Amino acid sequence: MIALIVILVVVVLVAVWAGATYNGLIRLRNLVQEAWRQIDVELKRRHDLIPNLVETVKGYAAHERGTFEDVITARSAAMAGGQGPAQAAQSENVLTQALGRLFALAEAYPDLKANQGFLSLQQELASTEDRIAAGRRYYNANVRQLNTRVETLPSNVVAGMFHITREEYFETEGAEREAPQVTFPGPAGPGPQSAPTAPDVPPAAPPGS
């Protein structure tokens, strides 16, 4: 009788632990999904800003067709459906590089840099990038917690029983996502100057040579 009671107590404790572990895993998975939805909203906002940005720059540099086509192509790829976080990050990195070339192009046109519409779009894009960066940190933190629980004992037993699997990280180039801003020294505008480098000086001849 005592042995039966002990067995029942053990079974109840295991069931309670398994239930608590399962609930914790589900809670983490829901947090990951919610965090990804927030990133997705900001990514769509980013994509929606790009056509107006391209048209504004095109009004001053219509001959730079290659740059505009690169941005539009990268935007279309980033907007393609069915991408997981890892693949979406790769597409967004390509788009970021294309935007970098677009902003570099804009630096060569002082009138464009002073255009209020361009400045407004640039500021809105930068704000969107900041929100994406904050969302990325929150999302990846939750993914890290979930993946740790899925991979380590004893919670991985419950995860395997209920087919709760690892989630993908959303990794972008660099520590933060920022609106690309490139400045050129000289006539195109002042911009950050790098420290001057010392001129090459031939090594002194050894004494007595």
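General remarks:
- Once both labels are positioned 7 Å from their Cα atoms along Cα-to-Cβ, the gap between GLU171 and LEU153 label points is 2.8 nm.
- For the pair SER120 and GLN97 in one chain, pulling the backbone fully straight at 0.36 nm per residue adds 6.2 nm over the alpha carbon distance.
- Note that the stretch 126-141 has calculated 3J(HN,Hα) couplings of 4, 5, 5, 4, 5, 5, 5, 4, 5, x, 5, 5, 5, 4, 5, 5 Hz, one per residue in order, obtained from phi through the Karplus relation 6.51 cos²θ - 1.76 cosθ + 1.60 (θ = phi - 60°); glycine and proline are x.
- Peptides 6-18, 131-143 ordered by packing proxy, namely the average of other Cβ atoms within 10 Å per residue, highest first: 131-143, 6-18.
- Ascending count of other beta-carbon atoms within 10 Å, so fewest first, for MET79, MET1, MET161: MET1, MET161, MET79
- Taking label points 7 Å from Cα along the Cα-to-Cβ direction, VAL10 and ARG65 give a separation of 7.8 nm.
- Extension gain for the segment ASP111 to ALA141, taken as residue separation times 0.36 nm less the Cα-Cα distance, is 6.5 nm to one decimal.
- Judged by the mean number of other Cβ atoms found within 10 Å, the most tightly packed of the peptides 26-37, 95-106 leads the ranking 95-106, 26-37.
- Mean Cβ count within 10 Å, highest first, over the residues of peptides 152-158, 164-170: 164-170, 152-158
- Rounded to two decimals, the Cα-based Rg/Rh of the stretch 18-161, with Kirkwood Rh, is 1.15.
- Global form of the stretch 34-76, assessed from the alpha-carbon gyration tensor, a/c cut-off 1.5: prolate
No value in this document is a laboratory result; all are computed from the given coordinates. The shown structure was predicted, so the numbers you read here are calculated from the model rather than taken from an experiment. Every residue, glycine among them, receives a Cβ derived from its backbone with ideal geometry; neighbour counts consider all protein chains shown.
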